[in-house]
Amino acid sequence: MPSRRETVHFQHFDVSYPAEHIIQVTINRPDKLNCINKATSREIAQVWEQLDRDETLWVGIITGAGRAFCTGADLHEWNEMNRTGVVNSMAAPGLAGLPRRNGKKPVIAAVNGICMGGGFEMVANCDMVVAASSAVFSLPEVKRGIVPVAGCLPRLTRTLGLQRTMDLVLTGRKVDAKTLYEWGLVTRMVDGDGDRVARAAVEVAQEMCRNSPDALIVGRTGVRMAWEEGSVETAVSALEHEWYPRLVQGDNFREGIRAFVEKRGPKWRDSKL
């Protein structure tokens with residue numbers, strides 16, 4: 001990946017660095033409502049690999065340009081694959097590297113507009129969701145003889161509950177951001193256009209980046225263990241035995257406590273976890 005100081009333009013998305021420690025992907029294919037083809041999906045997945053690998057990057061954001069966040073996979077590409085007898089893989093990590101991503105650093109979805117199909121699957125596995133109040137969500141796959149199997153079904157069931165997820169999956173109906181805010185998927189709602197939503201996501205990311213980068217990683221891990229594991233106690237034990245010792249051995253653990261005692265702001269170091 002090129003220097004973080006530059007905005008990097010790919011064919012269907014841009015990578016920018018809107019604030020210190022933050023990397024942002026903006027899907028930029030507005031004429032196709034930001035649907036994602038396989039080549040673009042692989043390229044965006046590499047951005048999340050960079051996020052996890054680069055110690056100076058702490059939080060990722062994904063958003064869209066124009067009136068859509070993402071309408072999922074490029075069905076014209078799928079149709080051509082079907083015509084030539086190629087079966088599309090649903091292997092991890094999925095569309096744009098998100099539906100089944102298990103990386104170590106948080107990613108915020110800044111949903112600026114239409115969020116459908118694979119776009120919804122991407123959002124279901126993001127760590128926080130900032131959405132425009134005008135955003136619309138749906139899983140319309142059932143209307144096309146498809147099922148959203150790239151990773152969102154168990155995740156949405158954990159987040160929304162059985163019946164609400166059934167409602168979305170079996171009817172394919174549209175729901176607004178307010179509904180999903182009330183159901184618990186949308187973290188924060190924002191009035192305004194896509195730029196305002198992206199700025200709000202950056203503000204959330206900056207709030208996160210005022211904290212220890214080690215604690216961001218370990219705290220996120222603990223929450224996701226509780227979400228993904230069948231047993232709460234198994235998740236607690238794994239966090240205690242596998243991650244907490246690594247946290248307390250780091251410089252940031254001592255710095256946070258020392259700063260409190262000395263009544264000053266902490267001076268965090270990039271995470272080595």
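Tell me, yes or no, whether region 85-103 has at least one residue that is among the basic types (Lys, Arg) and assigned to a loop (DSSP other than H, G, I, E, B). Don't jump to the end; show me each part of the working.
Of the residues in region 85-103, the ones among the basic types (Lys, Arg) are 100-101.
If we keep only those that are assigned to a loop (DSSP other than H, G, I, E, B) too, we end up with 100-101.
Yes.
Given the conditions (1) surrounded by 14 or more Cβ atoms within 10 Å (Cβ to Cβ); (2) within 28 Å of the chain's Cα centre (by Cα), report the number of the one that Glu240 does not fulfil.
So Glu240 meets the others, but not (1).
Name the pairs: first residue in region 220-231 and within 15 Å of Val107 (Cα to Cα) and not assigned by TED's automatic domain parsing to the domain that holds Arg158, second residue part of a helix (DSSP H, G or I) and among the aromatic types (Phe, Trp, Tyr), Cβ to Cβ under 7 Å, at least 6 apart or on different chains?
Thr221/Trp243
Is it true that some residue in region 175-196 is modelled with pLDDT under 95, touching a strand residue (DSSP E or B) at 6+ places or on another chain (Cβ under 7 Å) and surrounded by 15 or more Cβ atoms within 10 Å (Cβ to Cβ)?
Scanning region 175-196 turns up at least one residue that is modelled with pLDDT under 95, touching a strand residue (DSSP E or B) at 6+ places or on another chain (Cβ under 7 Å) and surrounded by 15 or more Cβ atoms within 10 Å (Cβ to Cβ).
The rows are residues; the columns are (1) more than 19 Å from the chain's Cα centre (by Cα); (2) outside the structural domain of Val59 (by TED's automatic domain parsing); (3) assigned to a helix (DSSP H, G or I).
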| site | (1), (2), (3) |
| --- | --- |
| Leu156 | no, no, yes |
| Thr159 | no, no, yes |
| Met166 | yes, no, yes |
| Leu185 | no, no, no |
| Asp195 | no, no, yes |
| Ala198 | no, no, yes |
| Glu203 | no, no, yes |
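Step by step: first the residues of region 104-148, then only those that are in a loop (DSSP other than H, G, I, E, B) and small (Gly, Ala, Ser), then the one that is nearest to Gln46 (Cα to Cα). Which residue is that? Quick ask: steps written out before the conclusion?
Pass one, region 104-148, residues in a loop (DSSP other than H, G, I, E, B): 104-106, 112-113, 117, 125-127, 133-135, 139, 145-148.
Filter once more, so that each one left must be small (Gly, Ala, Ser): 113, 117, 133-135, 145.
Numbers: Gly113: 24, Gly117: 22, Ser133: 30, Ser134: 30, Ala135: 27, Gly145: 31 Å.
Among those that are in a loop (DSSP other than H, G, I, E, B) and small (Gly, Ala, Ser), it is Gly117.
The values are calculated or read from the model by the stated rules, or taken from the named source; none is laboratory data. Everything numeric here is computed off the predicted structure, so don't read it as measured data. In this analysis, Cβ positions are derived from the backbone assuming ideal geometry, glycine residues included, and neighbour counts consider all displayed protein chains.
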